[in-house]
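Worksheet: one structure, shown below.
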Amino acid sequence: MDMNLQNQQIICVACPKGCRLNIQRDGDQVLVSNQGCKRGVEYANGEMKDPRRMVATTVRIQGGRHPLLPVYTATPFPKARIKDLLASLRSVQVQAPVKEGQVILENALDTGIPILASRDM
Ligand code: SF4
């Protein structure tokens, strides 16, 4: 038996059906089964090779109605770097007024992913 083989199950969240995907990993190879459609294969590959998540958090704002402004990542962010992202956003302070969707940080941690304001303030 090949000891490098790893089996795993994950839920595909690419659509509401939520298929339970069986994943067999052999080195860089990702074999997927039980997917309801081909998007499940893409989802599983993404999860295995470059897992990402949307991040919503807050940054400090001066001159606003509240001390904190809700912000979010414009696209899913590399999961392994979310902790560093949250740490770096702790030192960000913006000045009111801010518009919903305004870019708060253009290139978070050199990923090319912008951080946007979730609301006007
Ligand atoms: S595999 Fe296809 S059908 Fe199943 S949850 Fe993912 S996107 Fe939906």
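The numbers here are math on the coordinates, done by the rules we state, and not lab data. Predicted, not measured: the structure shown is a model, and the values here were computed from it. Neighbour counts are summed over all protein chains in view; Cβ atoms, including those assigned to glycine, are modelled from backbone coordinates with ideal geometry.
Using the Cβ-Cβ distance between Gln95 and Ala74 with R0 set to 25 Å, the FRET efficiency from 1/(1 + (r/R0)^6) comes to roughly 0.75. Between 0 and 90 degrees, the angle of helix 38-49 with respect to the longest Cα principal axis of the chain falls at about 70 degrees.
For the chain, the alpha carbon convex hull comes to 124 Å³ per residue, rounded to a whole number.
Estimated at 0.36 nm per residue, the fully extended path between Asn22 and Met54 surpasses their Cα-Cα distance by 9.1 nm.
Annotation: Cα Rg of segment 73-121 relative to the compact-globule expectation 2.2 N^0.38 Å equals 1.13. With the simple spin-label model, which puts each label point 7 Å out from Cα in the Cβ direction, the Gln62 to Ile82 separation comes to 3.1 nm.
FRET efficiency for the pair Lys38 and Gln8, taken as 1/(1 + (r/R0)^6) with r the Cβ-Cβ distance and R0 = 22 Å, rounds to 0.70. Overall, the chain carries a charge dipole of about 440 debye about its Cα centre when +1 sits on the Cβ of Lys and Arg and -1 on the Cβ of Asp and Glu, all other atoms neutral. Once C-alpha pairs closer than 8 Å and six or more residues apart are averaged by separation and normalised to the residue number of the chain, the relative contact order reads 18 percent. For Ser118, the amide hydrogen comes within under 5 Å of the amide hydrogens of Val71, Tyr72, Gly101, counting only partners 5 or more places away or on other chains and with H modelled in the peptide plane. Within the chain, DSSP assigns beta bridges of which about 90% are antiparallel (rounded to the nearest 5). Per the Debye calculation on segment 5-49 with a single equal scatterer at every Cα and no solvent contribution, log₁₀ I(q)/I(0) for q = 0.18, 0.25, 0.31 Å⁻¹ amounts to -0.42, -0.79, -1.17.
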